[in-house]
1. Roll a 1.4 angstrom probe over the protein heavy atoms and tell me the percent of accessible area of the chain that is carbon or sulfur.
2. Pull up the cross-link candidates among the aspartates and glutamates for K198, meaning alpha carbon to alpha carbon under 13 Å and not fewer than 8 places away within one chain.
3. Can you order the peptides 66-72, 170-176, 210-216, 223-229 by their average number of other Cβ atoms within 10 Å per residue, highest first?
4. Could you grab the relative contact order for the chain? Cα pairs under 8 Å, six or more apart, rounded to a whole percent.
5. Checking the cross-link filter: which lysines have an alpha carbon closer than 21 Å to that of K202, excluding same-chain neighbours under 8 positions apart?
6. Kindly state, to the nearest 0.05, the FRET efficiency for D137 paired with Q94, given R0 = 22 Å and r defined as their beta-carbon distance.
7. Alpha carbon centre of region 168-234 versus region 115-152: separation in Å?
8. If every alpha-carbon in the chain counts as one equal scatterer, what log10 I(q)/I(0) does Debye give at q = 0.14, 0.15 1/Å?
Amino acid sequence: MFEGFCSGGIVKRAVAKGLVEVAVHNLRDFAAGKHRQVDDRPYGGDEGMVFKAEPVFAAVESVRASAGTPVVLLSPQGRVFDGRVAEELARHPQIVLICGRYEGVDERVAESLATDEISIGDYVLTGGELAAMVVIDATARFVPEVVGKAASVRHDSFVAGRLDYPHYTRPREFRGMKVPPVLFSGDHAKIEAWRRRKALEKTIRRRPDLIAASGLSPEERTLLEPTPNERKKR
Ligand code: ADE
C-alpha cells in the first residue's frame, strides 16, 4: 500500500531532497515462532483477531531512535487529527506510526507503548495504513522546505482554523463563469482583503464549528461589513 504513496507527489520529492525518510516495517519480521504469528483470538470471546502485543513492542523498540520519539497508534479511538497535530508532529526528528488491522490491537500497546493515539476521522477503516499515509502527507508539509513557500503552508486551510479562499486561473471567462474582477485589479491589499473575506464567508457557511472554536476577531468583523457598494444596493 505504501509503494504508490512513496513513489509520487510530495513524499517522493521530499525523500529525494533528503528532507523526509519513510521506512515501512513488516510486523511479521518481529513475530516469534515458526509461524511468525502477529494476531490471535480475543480474550473474552469475540469475532475476528487482535494484534498481539509482543511483535508490536518488538517492532517499535527496534525502530525507535530515542525515548523522545512519538509513538502514534492509529485507531478510530484516538484524538482527531488536524493541521495543528501535523505541525506538532513535524517538529520531531522521527515519528513511529503503528497501523492496526483486523479487529484491533492488544490494549497494552495503547496503554504503555504508544505515546499518542490518533484517528483521522469518525469512520472505521479496515486498517491503519491509509490513516498513516494521511498523517505522513499532512505532517511532511510542515517540514521546512518540503512545500515551496513556508508561508503557503501557514496560509493554508485549517492552520489558521479557516477554510481556504477560492482560486482562479486563465481564462477570465469560462462557459459564462467570470473570474472576480478584483483579482486582476493589481491592488494587492484589496485582493488580500477579498480573499480573507471569501475564506471567512465560506467558513461561516460550511464550518460554523471552526468559527465557534475561535470566535471572530475584530479584524474579521470589519472584513464582513458590507462595502459602500453593497450598502447602496440594500
Ligand atoms: N484505523 C481504522 N480506522 C481508523 C481511523 N479512522 N483513523 C485512524 N486509524 C484508523
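1. Carbon with sulfur: 52 percent of the solvent-accessible area.
2. Leaving aside aspartates and glutamates fewer than 8 places away in the same chain, those within reach of K198 are D164, E220, E225.
3. 66-72, 210-216, 223-229, 170-176
4. 16 percent
5. Output for K202: K178, K190.
6. Between D137 and Q94 the formula returns 0.85.
7. Cα centres, region 168-234 to region 115-152: 29 Å.
8. Debye intensities relative to I(0), on a log10 scale: -1.00, -1.09.
The values are calculated or read from the model by the stated rules, or taken from the named source; none is laboratory data. If you're wondering where the values come from, they're calculated on a predicted model, not measured in any experiment. Using ideal geometry, Cβ is built from the backbone for each residue, glycine included, and neighbour counts are taken over all protein chains shown. Only protein heavy atoms, including side chains, enter the accessible area calculation; ligands, DNA and RNA are left aside. Shrake-Rupley method; radii C 1.70, N 1.55, O 1.52, S 1.80 Å.
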